[in-house]
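Quick note: the coordinates plus some simple rules give every number you see, no bench work behind them. A quick note: this is a predicted structure, and the numbers were derived from the prediction, not measured. As a convention, Cβ positions derive from the backbone with ideal geometry for all residues, glycine included, and neighbour counts pool all protein chains shown.
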Ligand SMILES: C[S@@+](CC[C@H](N)C(=O)[O-])C[C@H]1O[C@@H](n2cnc3c(N)ncnc32)[C@H](O)[C@@H]1O
């Protein structure tokens, strides 16, 4: 039976900021931006958290940040962290005027330790850097409010994966599966996504 065309991927309208972000990415040689399907899912998930507090680890040049902001309502707030001042500056150049956004330049691991120790809570954590996925996972998950969403991508093999990465990915998926406090969905779609909800 032919595949029904009604279910082709369609990400809808792109965030208007994306073209400037793509130009900045090209200028910086930054090639790690999330793909549009991932962005569209982030936008939908962000929209499920009216008034929510959102956290992104790995701002890059701001592609996923722009998608998250598109989904958020006027009262939601997003903090995004990146250790690379140059890419963060590019993101801030395009998105920095949005009062809902706070950009932090610094190590994501240190940020997670500090916020977890302070008992901070977020309604959505998009972990798109090493810390929060392959290190400091306990801290990232501790930051999830009840019903909060933990989202990761690049779980399917990627051309930029470092040597020896596949076992780390498998171990991360196993660890997430083991966590009784999470309700997990693995999606072999886009770059390979996981959405995990913290049980109330
Ligand atoms: C996959 S990219 C993020 C892409 C971004 N979310 C997007 O869609 O454009 C990973 C980012 O993590 C940042 N990074 C690497 N190590 C980090 C660390 N220890 N703390 C915070 N950010 C880090 C890199 O500078 C890079 O921008």
Handout entry: Helix-only mean residue ellipticity at 222 nm for the chain, each DSSP H run of n ≥ 4 adding -39500 (n - 2.57), per residue, nearest 500
Key = -11000 deg cm²/dmol
Exercise for the section: Rounded to the nearest 0.05, what FRET efficiency do residue 20 and residue 158 give with R0 = 22 Å and r taken as the Cβ-Cβ distance? Could you check? Expected result: 0.30
Practice task
Sort 32, 7, 155 so that the residue with the fewest other Cβ atoms within 10 Å of its own Cβ comes first and the one with the most comes last.
Solution key: 7, 32, 155
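Rounded, prolate or oblate: which fits the stretch 137-196 when a ≥ b ≥ c are the square roots of the eigenvalues of the alpha-carbon gyration tensor, with rounded for a/c under 1.5 and prolate only if a/b beats b/c?
Numbers: a/c = 2.13, a/b = 1.69, b/c = 1.26.
Since a/c reaches 1.5 and a/b is larger than b/c, the shape of the stretch 137-196 is classed as prolate.
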Handout entry: Cα centroid separation, the stretch 34-86 to the stretch 120-169 (Å)
Key = 14 Å
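When 156, 42 are ordered from fewest to most other Cβ atoms inside 10 Å of their Cβ, what list results? Intermediate results must be reported in sequence, preceding the final value.
Numbers: 156 14, 42 30.
Final ranking by Cβ density, sparse to dense: 156, 42.
Could you rank the peptides 9-22, 98-111, 128-141 by their average count of other C-beta atoms within 10 Å per residue, with the highest value first? Let's see the in-between values first.
On the way: 9-22: 14.4, 98-111: 17.1, 128-141: 20.6.
Per-residue mean Cβ counts within 10 Å order the peptides as 128-141, 98-111, 9-22.
Answer rounded, prolate or oblate for the chain, using the Cα gyration tensor with square roots of eigenvalues a ≥ b ≥ c: rounded when a/c is under 1.5, else prolate when a/b is larger than b/c, else oblate.
Details: a/c = 1.22, a/b = 1.03, b/c = 1.18.
Rounded shape, in that the Cα axes give a/c under 1.5.
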Problem - Cα-projected label distance for residue 135 with residue 168, points at 7 Å along beta-carbon direction, nm - result: 1.0 nm
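Name the shape class, rounded, prolate or oblate, that the alpha-carbon gyration tensor gives for the stretch 1-104, where a ≥ b ≥ c are the square roots of its eigenvalues, rounded holds for a/c under 1.5, and otherwise prolate holds if a/b is larger than b/c and oblate otherwise.
Numbers: a/c = 2.32, a/b = 1.34, b/c = 1.73.
Cα axes put the stretch 1-104 in the oblate bin.
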